[in-house]
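Asks: Here it is, the structure, as structure tokens.
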Amino acid sequence: MSNNSRRNPSGSGRDIYSSSGRRRTSQPSGDIDRYNYYVDRDIYSSSKSYSKNRRKPARKKKRGCGTKLLAGIVCTLFILAAGVAAYSYIMLSRVDRSDNVDSDDMGQYVQQPSGAPSWGIISNNNVFNILLMGIDKNKDGSDGRSDTNILVSINKDSKKIHLVSFMRDTYLDIPTVGKTKFNAAFANGGAALTMQTLENNFRVNIDKYVSVNCDNFEDIIDKMGGIDVEMTKEAARYENKVMGSSLKEGTNHLNGKLCLYYARMRYVTDKDGSNDFGRTARQRQIVSLIISKVKSLNPIKANKIMYDYLPYVKTNLTDSELVYLASIAVTASNYDMDKMQVPAQNAFQSEKINGADVLVPDLEKNCQLLREFLYGSSSSSDES
């Protein structure tokens, strides 16, 4: 099917693209709903508009508190709704939609970065992409940078869930900011700038998000009863040294505090590499384990956890989209799960720019690898 042709899932087949392959600019009025129509954005236009009211990044921030794992919890909390359909709207009313990003918010950041292939933004009706962001808090309580950015892609065709970690130190062209580390996008423009930066550079559709902070993370993991984590000898030894724990190589049952540190630690070299590479691999590992854990929870216990946690979740998913995710949750929970990181191995250069260690990606190569991973196509065409 044509990936550049988004159609109404109800079967109306209305194509938002003109015969030239460019998005039509007309759109109906009213609330934006993924299941009624899709937002039009001209990916080739160059926009340098900048809202003066955009919050500047705070200079002082406190140490991040494990938002990395919360992304996985958010994903699985929505899955819980499948068993409590009658209760879902009460639950969903607790979700924070104060930053309800729409096409206008994202459209102001559309541009063609230097080095990025001039391909269309690839999409597919049977692939649902949601960007999960873990946000650090500044000392004044405001949102800081997004240290965790994981794309959860549910593919109904291949019956797989794909997890893609975007490395925070990736050196990208961020609209209104310039070239810098990717995690600066959120601090300068929130979810809208973060999603559009990824679309601009990697040419895949991302217009839905969930963001979380970790204020109550440890308590949430503890309420789930902890999780069993397979650890390398190096990771266990390092965590024991810092946390005073008695972990060993192999499977360890971690409570919230230990699980949080396991996902955050960077200065350990194991089978997944060192620094941010190993850290993002551990984050994807934890997301997978949390999904498995949630499937085993008693529905009453699961409901209580979800009720307590949802007020800490921000999203631009509509109620109908969340209910849709709940409706496919039973099926999707049995999908295979694959993982990837961007930039991919052998598709970047490690450099020091302006005194900072960064990852300079080969954008075309990473675009090809990401398309193949998510859609089964690595070509520049819009077919998959």
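The values are calculated or read from the model by the stated rules, or taken from the named source; none is laboratory data. This is a predicted model, so every value here is computed, not measured. Cβ sites come from the backbone with ideal geometry, for glycine too, and all protein chains shown count toward neighbours.
Asks: So Thr331 passes all but one of these: (1) of a type in the set (Ser, Thr, Tyr); (2) at pLDDT 90 or above; (3) in a helix (DSSP H, G or I). Which condition number does it fail?
Replies: The single condition Thr331 does not satisfy is (2).
Asks: Of the conditions (1) on the phi > 0 side of the Ramachandran plot; (2) surrounded by fewer than 20 Cβ atoms within 10 Å (Cβ to Cβ), Gly190 clears all except one; give me its number.
Replies: Condition (2) is where Gly190 drops out.
Asks: Turning to a different aspect of this structure: Quick check: anything in the range 279-296 farther than 23 Å from Ile161 by Cβ and assigned to a helix (DSSP H, G or I)?
Replies: Looking for residues that are farther than 23 Å from Ile161 by Cβ and assigned to a helix (DSSP H, G or I), one finds none in the range 279-296, hence no.
Asks: Continuing with this model, one more query. Looking at Lys233, is it out of contact with any His (no Cβ under 9 Å at 6 or more places or on another chain) and either at pLDDT 90 or above or crowded, with 17+ Cβ neighbours inside 10 Å (or both)?
Replies: Yes, satisfied.
Asks: Restricting to the range 334-381, name every residue that is part of a loop (DSSP other than H, G, I, E, B) and acidic (Asp, Glu).
Replies: Asp362, the sole residue that qualifies.
Asks: Same structure again: Return the pairs, sorted by first residue and then second, in which the second residue is surrounded by fewer than 21 Cβ atoms within 10 Å (Cβ to Cβ) and among the basic types (Lys, Arg), the first residue lies in the range 215-227 and is on the phi > 0 side of the Ramachandran plot and modelled with pLDDT of 85 or more, the beta carbons are less than 9 Å apart, and the residues are 6+ apart or on different chains.
Replies: Gly225/Lys293; Gly225/Lys301; Gly226/Lys293
Asks: Ok, one more. Looking at Lys352, Lys314, which is the one that is surrounded by fewer than 18 Cβ atoms within 10 Å (Cβ to Cβ), among the basic types (Lys, Arg) and either more than 15 Å from His162 (Cα to Cα) or out of contact with any strand residue (DSSP E or B) (no Cβ under 9 Å at 6 or more places or on another chain) (or both)?
Replies: Step by step, each of Lys352, Lys314 is checked, and only Lys352 is surrounded by fewer than 18 Cβ atoms within 10 Å (Cβ to Cβ), among the basic types (Lys, Arg) and either more than 15 Å from His162 (Cα to Cα) or out of contact with any strand residue (DSSP E or B) (no Cβ under 9 Å at 6 or more places or on another chain) (or both).
Asks: In this structure, is Leu260 at pLDDT 95 or above and crowded, with 17+ Cβ neighbours inside 10 Å?
Replies: So Leu260 does not fit the description; no.
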